[in-house]
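Right, one structure below, let's go through it.
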Amino acid sequence: MAFARILGHPRLRGLLARAVGRRRLPPALLFSGPSGVGKKTLALAVGRALLCEGDDGDACDGCAACSRAARGLHPDAILVEPDGASIKIEQVRDAVREIAGRPFEGRARAFVFDEAHLVTEQAQNALLKSLEEPPATSHVFLVTASPQALLPTIRSRCQTLRFSPLPQSLLETHLRETSGLSPDEARLRAALSGGSLGVALAFESEAWRDLRVELLEMLEKLGRAGTLGRMDAAERLSEMDDPILALTALRSLLRDVAALRAGSPALLNADVAARLEPLARGPLGERAGEMARAAGETRDALEGKITGTNLRRGPANALLAFDVLMDALGAPA
Ligand SMILES: [Zn+2]
């Protein structure tokens, strides 16, 4: 039942289940699409379906293989994730050796590379051969929100499945049912998540709350900060653990400032309304809607969603993007 538990993507789910059922799954697949929409979850589900002792194209959840795979203990289900900032050559060499081998227990082996764009270039070259001539029993899944960061030779050896953002209505229902949010809160969060369950769920986390406190302080100071103050703010933003999440939080705060200015009571950050109100009455209030859009665009650019952009994930380019954004935010009205 691995496929049934996945939120959204009915066409891709059906396609992959059929391919597994008919034993026609391609050896190398590239799952591309925005962060937090379920790419890795679906790749792992395909892996479980491959390992299941049944043969209807899905995991039965009842056999020994399913039980082990569900606990992450199946020797033929291998997840490769970044070690720090990248997936290193040693990790890829280990995986390459395994890909060439036979299954230990099942009839196949599944290798999921999460955040595959973080495989270093040297390591991508090491991986090439495995994608070219893998044994029929090995299946490789490259999961990434930035496929353009992969070598063209890697991309051309994979069949690409493109994931779309999740529909807002689906996220809204899911959030209402699983997070105990009110219909208004669920609607707002779904709207702001850009179709990413990962982003929608991040709104609940402690990291999110801490981030918001920091951003509020920054917004409160920005009006009187001057050029150097704004550059300093940009630098602090670009050095945050997760600049994408920081931009999502910034956008949600600016969106609320604009809503307050327009007299709307429905806020995403209702718990900090008392701090947002003075901002809405100040010079930022008038431009907050426009700035929220700019923050969203900066996020898209950093995620590589905008084609033709020179911005890539990375501190130097994030700093440049934040500089531009902070200048616009702090500029006198
Ligand atoms: Zn099973």
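The values are calculated or read from the model by the stated rules, or taken from the named source; none is laboratory data. Keep in mind that what you see is a predicted model, and the values were worked out from it rather than measured. Cβ sites come from the backbone with ideal geometry, for glycine too, and all protein chains shown count toward neighbours.
Data overview
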| read-out | value |
| --- | --- |
| Those residues of the stretch 67-79 which are buried (at least 18 other Cβ atoms within 10 Å of the Cβ) and either without any contact (Cβ under 8 Å) to a residue 24 or more places away in the chain or within 8 Å of the ligand (Cβ to nearest atom) (or both), in sequence order | R68, A69 |
| Selection within the stretch 242-266 - surrounded by 15 or more Cβ atoms within 10 Å (Cβ to Cβ) and touching a residue at least 40 places away in the same chain (Cβ under 8 Å) | P243, I244, L245, L247, T248, A249, L250, R251, S252, L253, L254, R255 |
| Residue check, V96 of a type in the set (V, I, T), over 24 Å from D241 (Cβ atoms) and out of contact with any Pro (no Cβ under 6 Å at 6 or more places or on another chain) | yes |
| Number of positions in the stretch 96-122 that are under 19 Å from Q148 (Cβ atoms) and hydrophobic (A, V, I, L, M, F, W, C) | 4 |
| The lone exception for V272 - which of (1) hydrophobic (A, V, I, L, M, F, W, C); (2) surrounded by fewer than 17 Cβ atoms within 10 Å (Cβ to Cβ); (3) without any contact (Cβ under 8 Å) to a residue 24 or more places away in the chain it fails | (3) |
| Listing of helices (runs of 4 or more DSSP H) fully contained in the stretch 178-290 that carry 2 or more residues being among the polar types (S, T, N, Q) and under 24 Å from A321 (Cβ atoms) | 226-238, 243-261 |
| Qualifying positions in the stretch 151-210 - aliphatic (A, V, I, L, M) and closer than 30 Å to E132 by Cβ | L151, I154, L161 |
| Unmet criterion (only one of (1) part of a helix (DSSP H, G or I); (2) away from the ligand (no atom under 16 Å from the Cβ); (3) touching a helix residue (DSSP H, G or I) at 6+ places or on another chain (Cβ under 9 Å)) for H139 | (1) |
| Single residue of F113, F31, F3 found to be outside the structural domain of S156 (by TED's automatic domain parsing) and crowded, with 19+ Cβ neighbours inside 10 Å | F3 |
| Hits in the stretch 43-66 - residues which are assigned to a helix (DSSP H, G or I), more than 6 Å from the ligand (Cβ to nearest atom) and of a type outside the set (G, A, S) | L44, V46, R48, L50, L51 |
| Restricting the stretch 17-42 to residues that are in a helix (DSSP H, G or I) and more than 16 Å from the ligand (Cβ to nearest atom), the residue that is nearest to E132 (Cα to Cα) | A19 |
| Flag for V96 being within 16 Å of the ligand (Cβ to nearest atom), touching a residue at least 12 places away in the same chain (Cβ under 8 Å) and in a helix (DSSP H, G or I) | no |
